[in-house]
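*Asks:* My structure is below; once you've seen it, I'll send some questions.
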Amino acid sequence: MHDLINEIKLRPISQVILKYLMDHREPVDAETIWLDVKANGATFSIGSIYGHLKRMEDAGIIAKVPKTDRKALYQYISSNA
């Protein structure tokens, strides 16, 4: 993961989100990410989570998976896939 972070120069919040998504291989929604990282002491707002998810999606690091209830799920895209 450190090579990926250095290569794309992720901000600390994006590093936390990316690590979370790498550790939780199933697609997850932004609110769940926010609640879990908040429970572990992070002070990021839900808006910041959404913004960084969008940037990482645009960079091709993660994928956004739409759901029928209009809540998007996010998943890490493995470079080994």
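*Asks:* His52 - would you say it is surrounded by 15 or more Cβ atoms within 10 Å (Cβ to Cβ), modelled with pLDDT under 95 and on the phi < 0 side of the Ramachandran plot?
*Replies:* It is true that His52 is surrounded by 15 or more Cβ atoms within 10 Å (Cβ to Cβ), modelled with pLDDT under 95 and on the phi < 0 side of the Ramachandran plot.
*Asks:* If only one of Ile13, Ile33 is hydrophobic (A, V, I, L, M, F, W, C) and modelled with pLDDT of 95 or more, which one is it?
*Replies:* Ile33
*Asks:* Ile33: hydrophobic (A, V, I, L, M, F, W, C), in contact with a Ser or Thr (Cβ under 7 Å, 6 or more places away or on another chain), closer than 22 Å to Ser78 by Cβ and open to solvent by less than 80 Å² (accessible area, probe 1.4 Å), yes or no?
*Replies:* no
*Asks:* Where the second residue is of a type in the set (Lys, Arg) and part of a strand (DSSP E or B) and the first is modelled with pLDDT of 90 or more and open to solvent by 100 Å² or more (accessible area, probe 1.4 Å) and lies in region 62-81, which pairs have Cβ atoms under 6 Å and are six or more apart or on separate chains?
*Replies:* Short answer, once both residue conditions are applied: none.
The values are calculated or read from the model by the stated rules, or taken from the named source; none is laboratory data. On a predicted model such as this, the values are computed, not experimentally measured, just so you know. Virtual Cβ from ideal backbone geometry, glycine too; neighbours counted across all protein chains shown. Surface accessibility is based on the protein's heavy atoms, side chains included, excluding ligands, DNA and RNA. Shrake-Rupley method; radii C 1.70, N 1.55, O 1.52, S 1.80 Å.
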